[in-house]
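Before any comments, here is the structure.
The values are calculated or read from the model by the stated rules, or taken from the named source; none is laboratory data. Quantities reported herein were computed from a predicted structural model and do not represent experimental measurements. So basically every Cβ, Gly included, is an ideal-geometry build from the backbone, and we count neighbours across all protein chains shown. SASA here: full protein model, heavy atoms, side chains in, ligands and nucleic acids out. Shrake-Rupley method; radii C 1.70, N 1.55, O 1.52, S 1.80 Å.
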Amino acid sequence: MHPEFPQEGIIHLNHAAVGPWPRRTEEAVCRFAGENVGHGSRDYLQWMRHVDATRDLARALIGAPAAEDIAFVKNTSEALSMVAFGLDWKPGDNVVFPAGEFPSNRVVWLAAAERFGIEAREVPIGEEPERDLLAACDAQTKLLAASAVRYDSGMRIDIQALGAELRARRILFCVDAIQHLGALPFDAPGCHADFVMADAHKWLLAPEGIGVFYVNPEIRERLTLQEYGWNMLAHAGDFSNPEIEPAASARRFEPGSPNMLGIHALHASLSLLLETGLDTVDHDIREHWLHLEDGLRSLDCHILTPKGRRAGILTFRPPVEDLDALYASLQGHGILCAMRGGGIRFSPHFYLTREQIDHALEFLRESLRTTRTDRTS
């Protein structure tokens, strides 16, 4: 078992929902809490330096040119809302996004369409989602928004190819990377992303309530700010200054006091991922995924994740009539997973062992055998 994940009684195949913390993150939170209890705000300046250090780790994770391109947000939905309600929409503009997206990357565009009188184009996608999405764009398309990896089927979109074409057409590109960051390497400039956002509580192995938000520095000032406060000002800390000029950096999207507890936890979790290396993380997840795929196919399960578009999620339909009962059985025996996209969703992270994966498959095998026996008895 990985020393950072001394889990007892579970096999965590649910990182696409809420992932566990590593040991170092627990220790960081306890240490920070102890500082508060014992010393109050005595070390606040050191805490602020920790904010800067965490921002730099997030920069490395996203592949941003500079740490000042990263803002800390409460969650993906907040960052998406900043984009949807911060752009200068004009009559006749439209926004394009895939049908069946997670609600966070759907409701904001529908709400923006209602408020600004623009068109929200919800596009059904098939085996070539990039082609389908681009076909829905025209001269009035201001922005295309898409998840880098689908939450239900686990389908990975080719954001490099899609982003290159959107840049050529001068269409803004917004990437919901919550199912990508922490599982696969990411290069925001390389995929021509203008906006990238992700919560920390899935593949980043950190708490809920903290997320990262990248904005292309070339268009940062195109977003009209929706929230104001002391921390987003150019002169943050100079409380008697009457000016309200926003910071030139992405800190302009952080209106008030930072989530110090969440940032300390995020720093610890990101340090583990970056020390391990995202290429290694990707390799290990791929090995788990392929092993699971082989085992599931041997059990006559139908793999719903499109072939050749693997990320970290593997969604499958087992040969049972009562999917709810099988899911409940898996959960009850500590094999944590989810029901999504008409099947069961496994999402293994790098630290799991082959033995744990095999144990999950063996339990599923026995459950299916029992189901078939009961059906024929």
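The figures follow:
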quantity: Residues (within 25 Å of GLY182 (Cβ to Cβ) and among the β-branched types (Val, Ile, Thr)) located in segment 209-231; calculated: ILE210, VAL212, VAL215
quantity: Filtered residue count, segment 56-89, keeping only those that are farther than 27 Å from ASP152 by Cα, open to solvent by 40 Å² or more (accessible area, probe 1.4 Å) and without any contact (Cβ under 8 Å) to a residue 40 or more places away in the chain; calculated: 2
quantity: Counted residues, segment 336-361 - those being assigned to a loop (DSSP other than H, G, I, E, B) and surrounded by 20 or more Cβ atoms within 10 Å (Cβ to Cβ); calculated: 7
quantity: Residue match in segment 250-264 (condition: more than 23 Å from the chain's Cα centre (by Cα) and modelled with pLDDT of 95 or more); calculated: yes
quantity: Set ALA64, ALA58, ALA71, ALA53: member being among the small types (Gly, Ala, Ser) and over 13 Å from MET197 (Cα atoms); calculated: ALA53
quantity: Qualifying residues in segment 13-56 (those that are aliphatic (A, V, I, L, M) and assigned to a helix (DSSP H, G or I)) - the one farthest from ILE210 (Cα to Cα); calculated: VAL37
quantity: Residue selected from segment 90-102 under the condition charged (D, E, K, R) and buried (at least 18 other Cβ atoms within 10 Å of the Cβ), by the criterion nearest to GLY256 (Cα to Cα); calculated: GLU101
quantity: Residues of segment 193-210 classified as assigned to a strand (DSSP E or B) and either within 11 Å of the chain's Cα centre (by Cα) or aliphatic (A, V, I, L, M) (or both), total; calculated: 4
quantity: Output for segment 329-363, where each listed residue is touching a Gly at 6+ places or on another chain (Cβ under 8 Å) and farther than 20 Å from ARG150 by Cβ; calculated: GLY334, ILE357, ASP358, LEU361
quantity: Flag if LEU233 is of a type in the set (A, V, I, L, M, F, W, C) and farther than 21 Å from GLU275 by Cα; calculated: yes
quantity: Residue pairs meeting the criteria (Cβ under 8 Å; at least 6 apart or on separate chains; first modelled with pLDDT of 95 or more, in segment 294-305; second of a type in the set (Phe, Trp, Tyr)); calculated: LEU296/PHE316; CYS301/PHE316; HIS302/PHE316; ILE303/PHE316; LEU304/PHE316; THR305/PHE316
quantity: LEU133 being free of Cβ contacts under 8 Å to residues at least 60 places away in the same chain and open to solvent by less than 10 Å² (accessible area, probe 1.4 Å); calculated: yes
quantity: Scan of segment 260-282 for residues that are free of Cβ contacts under 8 Å to residues at least 40 places away in the same chain and assigned to a helix (DSSP H, G or I), ordered by number; calculated: GLU275
quantity: Residue check, LEU296 within 21 Å of ARG156 (Cβ to Cβ), over 24 Å from the mean Cα position of the chain (by Cα) and not charged (D, E, K, R); calculated: yes
quantity: Hey, GLU165 over 22 Å from ALA67 (Cα atoms), open to solvent by 10 Å² or more (accessible area, probe 1.4 Å) and in contact with a Leu (Cβ under 8 Å, 6 or more places away or on another chain) or not; calculated: yes
quantity: Scope segment 20-55; condition open to solvent by less than 80 Å² (accessible area, probe 1.4 Å) and either among the acidic types (Asp, Glu) or closer than 27 Å to GLN160 by Cα (or both); matching residues; calculated: GLU35, ASP43, THR54, ARG55
quantity: Residue in segment 322-335 that is more than 15 Å from ASN14 (Cβ to Cβ), open to solvent by 40 Å² or more (accessible area, probe 1.4 Å), not β-branched (Val, Ile, Thr) and not in a helix (DSSP H, G or I) present; calculated: yes
quantity: Pick from segment 211-235, criterion among the acidic types (Asp, Glu) and within 24 Å of the chain's Cα centre (by Cα), ranking: most open to solvent (accessible area, probe 1.4 Å); calculated: GLU218
quantity: Residue that is surrounded by fewer than 21 Cβ atoms within 10 Å (Cβ to Cβ) and touching a residue at least 60 places away in the same chain (Cβ under 8 Å), where the choices are GLU254, GLU208, GLU243; calculated: GLU208
quantity: Residues of segment 3-19 satisfying the condition of being open to solvent by 50 Å² or more (accessible area, probe 1.4 Å) and either over 30 Å from ARG286 (Cβ atoms) or not β-branched (Val, Ile, Thr) (or both); calculated: PRO3, PRO6, GLU8, GLY9
quantity: Which listed residue is open to solvent by 30 Å² or more (accessible area, probe 1.4 Å), in contact (Cβ under 8 Å) with a residue 24 or more places away in the chain and not polar (S, T, N, Q), from ASP238, ASP187; calculated: ASP187
